[in-house]
């Protein structure tokens, strides 16, 4: 959580002090490490996306961590037909805290694609 998510150490330590949270997150640790290693092995590679013409909506929350918003901007710059939608008052888990908000954004994008 400190190294990849860039969560402040005191916050991560306090979170893992709760045995239920620690158990829940530990259940996914091995798979998450494997995913991180696979992602690292790919390299940055934003140039791979330059030929994708598919309309793409990237969703972020205005409360999302800055490093995630920076990566999203990098991806949007690499995609020739991308737009970023920023969800006001939301963070990285808007799908849990306000599921209707990202769902509305997804519906809007689907409508743009389906309507000529």
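Estimated from helices alone, the mean residue ellipticity of the chain at 222 nm is -16000 deg cm²/dmol (sum of -39500 (n - 2.57) over DSSP H runs with n ≥ 4, per residue). Among the listed values (1) 28, 17, 12; (2) 23, 18, 16; (3) 29, 20, 13, the one matching semi-axes √(5λ) of the Cα gyration tensor in Å as calculated from this structure is (3). At full extension, residue 36 and residue 81 could sit 13.5 nm farther apart than now, given 0.36 nm per residue minus the alpha carbon distance. Against the chain, whose longest principal axis comes from its Cα atoms, helix 66-78 is set at around 30 degrees. Taking only the C-alpha atoms of segment 1-43, Rg followed by Dmax gives 11.9, 35 Å.
Each label was represented as a point 7 Å from its Cα along the Cα-to-Cβ direction; for residue 26 and residue 68 these points are 2.5 nm apart.
We did not get these values from a lab; they are worked out from the coordinates using the rules stated. What you see is a predicted model, and the numbers here were worked out from it, not measured in a lab. Neighbour counts are summed over all protein chains in view; Cβ atoms, including those assigned to glycine, are modelled from backbone coordinates with ideal geometry.
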